[in-house]
């Protein structure tokens, strides 16, 4: 007898080996129809298997349906194979390569003699729907590696054969077939193509074979798949909204910045965009001052010997921009931490001096691949709101608690209240004593508990030198952006000789806390632009008020009003052009200006102003000082 324990604790017994599908059918016809796969085993040892998988010993089993997160991933992976099946049906000469799942969907890379067109994409999607409607059974078989290589070479699928040849010779490989199409895959897959109903192909992009630019450029077809028509439509609607909010598009329309081929991956900030930058930077500078940070500034170019001591030269060399002068090798700094230790090392430090908190708006450069660059979100030259805290082990807890509380306040001021917290704990290969790791991990968790923040544990994901917290923002469209972090480092201070004099008058290495709230300012401003769809809060808006006259008769009064607003510290634009007032209002509305000050004869004669707020809100007529108060309060409250 074979005993199968189900998630609810109940057990089912069978006289002999049984498939996952058989177990589902024994529970009920509805579950049998809904079953996509099975999860066999317990805890971390559990693994996903096909519904055709034969269970031959007592075990635990969960039936996976579309309601499970694993179920959605299986649907997406199976749809990637359906895509390859359709391409081979329509374009037999195309060669298939790989087709993994990604966030919200999947892609598949193909080698073909010409680029796929939008018309091709529509035809492929139509063919996918036809194949899915056939409800063809998806079957798994296992072959020895060399036999599988011969099989795909016989089909002319040289990329597939090359992938399999990289697998050790003594291993078997699994293949999945549906209709006339067979593909290499670990699985699991849906039982039949009829389970794949709600999908859409999105776009075609270039991708190098094995990610190496020296290899052939393939065609990467992206798609998305969901468990219901409603979920698919909601996703497509989110994409439409995301396109409207795209920071690259808004950056052009609002005249904030541009990226130029003369300096790929580096931002050219226009006056309005630099105004936003300065608002963010000056806010963070005040945060430094209010929380005991001393602002410092390190050099851009540092001798390679420093990077050798920290280990970056060996492990990060390909991502560093280097130069040479007088037979010495230098690198543009990819991070600020070593420079902060060199600043710390100037002069003797006592335990009474700790904690010492350094903050820097440090400009860094990293040699990111061109294909990975994305507007101001992913660049080669960026500025971090970087900070490092030098403290004793006993001070880690207090510093982490204070940092988490500070980060939450900053995010709230920028309009983000939905934060995801993750604590990455000790990896197998690490430095430092277990006692130190215990203190560090407990301090990070306690800092989150002290602020009533629920968090996830990422076992083993810490750096070799210490654990960390990752702080991830959730934006208006539900997208996740990992921005803030605090990392506990036992290693770098020792490597670079940082010390302090203890109460017992001996020498000890301080603990170094690497921390950032916004992360890259460029990226964070891009997130802000998309979060607010370009309509930045008043305190961040590059132009906070625009003064508009109706006719030339109010031009002098308009100049006086604009000057008074500017004197009050309000970023003001004056528009006295001889255009219709409706035209001027519409034009500045497209620029997402928060306040419109409209002046006619009545306002000039009474010394008042007529005010409209963004979103076509009529605030009425008021004295100028009242408007200053209204805007001033919005700025002060960061609304």
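The values are calculated or read from the model by the stated rules, or taken from the named source; none is laboratory data. Values in this document were obtained by computation on a predicted structure and should not be read as measured data. Virtual Cβ from ideal backbone geometry, glycine too; neighbours counted across all protein chains shown.
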- From (1) more than 28 Å from residue 539 (Cα to Cα); (2) out of contact with any helix residue (DSSP H, G or I) (no Cβ under 6 Å at 6 or more places or on another chain); (3) crowded, with 18+ Cβ neighbours inside 10 Å, pick out the condition that doesn't hold for residue 368. (3)
- Message: For a quick check of your reading: which helices (runs of 4 or more DSSP H) sit entirely within region 519-612 and have at least 3 residues that are surrounded by 15 or more Cβ atoms within 10 Å (Cβ to Cβ)?
- Response: 521-531, 555-567, 581-590
- Task: State whether one or more residues within region 616-628 are under 28 Å from residue 281 (Cβ atoms) and either in a helix (DSSP H, G or I) or more than 42 Å from the chain's Cα centre (by Cα) (or both).
- Result: yes
- residue 149 vs. criteria without any contact (Cβ under 8 Å) to a residue 40 or more places away in the chain, assigned to a helix (DSSP H, G or I) and under 30 Å from residue 211 (Cβ atoms): yes
- Output for region 280-295, where each listed residue is within 23 Å of residue 490 (Cα to Cα) and buried (at least 18 other Cβ atoms within 10 Å of the Cβ): 293
- Item | Residues located in region 83-109, provided they are assigned to a strand (DSSP E or B), within 27 Å of the chain's Cα centre (by Cα) and surrounded by 14 or more Cβ atoms within 10 Å (Cβ to Cβ) | 101, 105, 106, 107, 108, 109
- Just name the residue that is surrounded by the most Cβ atoms within 10 Å (Cβ to Cβ) out of those in region 14-25 that are under 22 Å from residue 138 (Cβ atoms) and either out of contact with any helix residue (DSSP H, G or I) (no Cβ under 7 Å at 6 or more places or on another chain) or touching a residue at least 60 places away in the same chain (Cβ under 8 Å) (or both). 20
- Report yes if residue 633 is over 27 Å from residue 255 (Cβ atoms) and within 36 Å of the chain's Cα centre (by Cα), otherwise no. yes
- Query: Looking at region 225-249, which of its residues are within 20 Å of the chain's Cα centre (by Cα), surrounded by 12 or more Cβ atoms within 10 Å (Cβ to Cβ) and under 15 Å from residue 478 (Cβ atoms)?
  - Reply: 235, 236, 238, 239, 241, 242, 245
- Message: Regarding region 48-55, can at least one residue be identified that is over 30 Å from residue 161 (Cα atoms) and either more than 27 Å from the chain's Cα centre (by Cα) or part of a loop (DSSP other than H, G, I, E, B) (or both)?
- Response: yes
- The number of residues in region 314-346 that are part of a strand (DSSP E or B), over 22 Å from residue 265 (Cα atoms) and in contact with a helix residue (DSSP H, G or I) (Cβ under 6 Å, 6 or more places away or on another chain) is 1
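Residues are listed down the side, and each one gets a yes or a no for (1) within 25 Å of the chain's Cα centre (by Cα); (2) under 24 Å from residue 410 (Cα atoms):
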| residue | (1), (2) |
| --- | --- |
| 268 | yes, no |
| 274 | yes, yes |
| 277 | yes, yes |
| 281 | yes, yes |
| 288 | no, yes |
- Item | Set 451, 392, 404, 383: member being in contact with a helix residue (DSSP H, G or I) (Cβ under 8 Å, 6 or more places away or on another chain) and free of Cβ contacts under 8 Å to residues at least 60 places away in the same chain | 451
- Query: For region 60-70, does any single residue satisfy the condition of being in contact with a strand residue (DSSP E or B) (Cβ under 8 Å, 6 or more places away or on another chain) and assigned to a helix (DSSP H, G or I)?
  - Reply: yes
- Note on the structure: Of the residues in region 162-204, those that are surrounded by 15 or more Cβ atoms within 10 Å (Cβ to Cβ), over 30 Å from residue 119 (Cα atoms) and out of contact with any strand residue (DSSP E or B) (no Cβ under 8 Å at 6 or more places or on another chain) come to 162
- Query: Among the residues of region 490-509, is any buried (at least 24 other Cβ atoms within 10 Å of the Cβ) and not in a loop (DSSP other than H, G, I, E, B)?
  - Reply: no
- Those residues of region 229-254 which are within 16 Å of residue 197 (Cα to Cα) and either touching a helix residue (DSSP H, G or I) at 6+ places or on another chain (Cβ under 6 Å) or touching a residue at least 60 places away in the same chain (Cβ under 8 Å) (or both), in sequence order: 235
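For (1) touching a strand residue (DSSP E or B) at 6+ places or on another chain (Cβ under 7 Å); (2) in a strand (DSSP E or B), each residue gets a yes or a no:
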site: 446; (1), (2): no, no
site: 452; (1), (2): no, no
site: 456; (1), (2): yes, yes
site: 461; (1), (2): yes, no
site: 471; (1), (2): yes, yes
site: 477; (1), (2): no, no
site: 481; (1), (2): yes, yes
site: 486; (1), (2): yes, yes
- Note: among 58, 8, just one is exposed (fewer than 15 other Cβ atoms within 10 Å of the Cβ), in contact (Cβ under 8 Å) with a residue 24 or more places away in the chain and over 19 Å from residue 196 (Cβ atoms), namely 58
- Message: Please pick out the residue among 255, 261 that is surrounded by fewer than 16 Cβ atoms within 10 Å (Cβ to Cβ), in a loop (DSSP other than H, G, I, E, B) and modelled with pLDDT of 95 or more.
- Response: 255
- Message: For the structure I just gave you, tell me whether residue 187 is within 21 Å of residue 35 (Cβ to Cβ) and either touching a residue at least 40 places away in the same chain (Cβ under 8 Å) or assigned to a strand (DSSP E or B) (or both).
- Response: yes
- Query: Restricting region 314-350 to residues that are surrounded by 12 or more Cβ atoms within 10 Å (Cβ to Cβ) and out of contact with any strand residue (DSSP E or B) (no Cβ under 8 Å at 6 or more places or on another chain), which is modelled with the lowest pLDDT?
  - Reply: 316
- Message: For the condition within 28 Å of residue 54 (Cα to Cα) and either modelled with pLDDT under 95 or assigned to a strand (DSSP E or B) (or both), what is the one hit in 169, 205?
- Response: 169
- Note on the structure: Within region 26-40, residues surrounded by 15 or more Cβ atoms within 10 Å (Cβ to Cβ) and assigned to a loop (DSSP other than H, G, I, E, B) come out as 35, 36
